[in-house]
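Please treat every number below as a calculation from the coordinates, not as lab data. All values derive from a computational prediction rather than experimental measurement. Heads up, the Cβs are rebuilt from the backbone with ideal geometry, glycines too, and the neighbour counts pull from every protein chain shown.
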Amino acid sequence: MAIMDDLDMIAQQYLQFADHEARGSSPSYEAWSRTLAGDHALLSQLATLPAPKQQPNLVFAALRWHGARPGDDASLRHGLLDSWSEVSRTIMQRSTQTNEPARCAVLLPLLHQIDGPIALIELGAAAGLCLIPDRYSYAYSDGTTVHPPGGPSDVLIPCRVAAGSLPRDLAAPQIAWRAGIDLNPLDPAGPDTAAWLEPLICPEHEHRRRRLAGALRLAATAGVRIERGDLRSRLTALVAEAPAQATPVVLHSATFAYLTAGDRAAAAAAITSSGARWVSFEGHGIVTLTRDLPEPVAPGTLFVAALDQVPFALANGHGDTMTLLGARPLGCSQARSLLAKQGQATERARGHAGLEARLTGLCHGELGGIA
Ligand SMILES: C[S@@+](CC[C@H](N)C(=O)[O-])C[C@H]1O[C@@H](n2cnc3c(N)ncnc32)[C@H](O)[C@@H]1O
């Protein structure tokens, strides 16, 4: 019976992915997810993987890596049944390291509140694309535009402001020093980096692929330092390296979901005691907040941007739509309509109790989401 429970759990994971992440955003991934969820042979194949490796985005990226055509059922079956040894090797060797520069559009107004110059330390930096928020141009839907000090960037990040007001004087942060940590740092100039990050973007998101290419070029030029290591052991030492004349800021986005609840609490304590300012952009429920979010916020539906644990904005996981919370909380109807608008395009932090237990304490963020 245990094996049936496993298959049911995987099917449920793929149906949730189809319903809440792929629908309205990626028809090809929605089709693949639904086929997979209803196919005993395909589910049995995935059940041979460790639970954290069963995540749809990783499995689909590996299939594409090996030439599968997104949305095509025959191609899905061929990849998971006939080419399983190659596909499963890729799944085991790689992970979802989706690096989304558009998250910087949400981070910018938080960084704006911190006295500069800033020493920016990113936990889970991947290729460092969120470590260079000062190298992009931004066009917010309320008409606010922000450019790097030297003039417009080759990478323009649009962001829809669903509610709330941006600061009138929003500007690129002054970053005097920056460094990242990652279990597996990615070289932005390396051909393998782009080759793997591309299939992590769902097939229909061509604009994100174009942006990725531009952001990788900027990061390669910036020469950002990303140290190989575990944030749990390296965080304090890296903060201590920040130059004394800069304000140390610890940043993490779509990363704490990969930690167990206990490790998240330990990392939070380490950030707090380091004296650094703390900018987080994670799925709802991943970071403990010191102020309530407007109700209702469906668990796992939204990403929350916070400064020192005070929620500042709700956004979808890729940062292309945000609601600034401001001083006045949203009313119920506003929050409901926001959730309806954002629901389809959201990269969710998936905290379903059964799955979480099964993933030995890991919460989902990128672990399940369209990255
Ligand atoms: C989904 S990516 C997010 C990248 C980037 N922060 C962004 O928002 O675009 C998560 C990254 O966290 C890294 N990571 C996960 N657990 C980690 C840990 N314990 N220590 C360091 N890095 C970790 C992964 O290797 C991956 O590159």
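Some observations on this one:
- Overall, the ratio between the Cα radius of gyration of the stretch 249-318 and 2.2 N^0.38 Å, rounded to two decimals, is 1.03.
- Tail weight of P(r) past 23 Å, computed on alpha-carbon pairs of the stretch 103-228, percent: 32 percent
- Centre-to-centre separation between the Cα atoms of the stretch 57-93 and those of the stretch 219-269: 33 Å.
- Projected-area mean, the stretch 23-70, by convex hull of Cα positions, square nanometres: 3.5 nm²
- If the Kirkwood radius is taken over C-alpha pairs of the stretch 1-151, then at 10 °C and 1.306 mPa s the Stokes-Einstein diffusion coefficient equals 89 µm²/s.
- Residues with amide H under 5 Å from that of Thr321, placed H, sequence gap 5 or more: Arg160, Asn316
- Per-residue Karplus couplings for the stretch 44-53, computed as 6.51 cos²θ - 1.76 cosθ + 1.60 with θ equal to phi - 60°, are listed in order as 5, 5, 5, 5, 7, 8, x, 3, x, 8 Hz, Gly and Pro entered as x.
- Modelled FRET efficiency - R0 22 Å, Arg210 with Ala171, Cβ distances, 0.05 increments: 0.30
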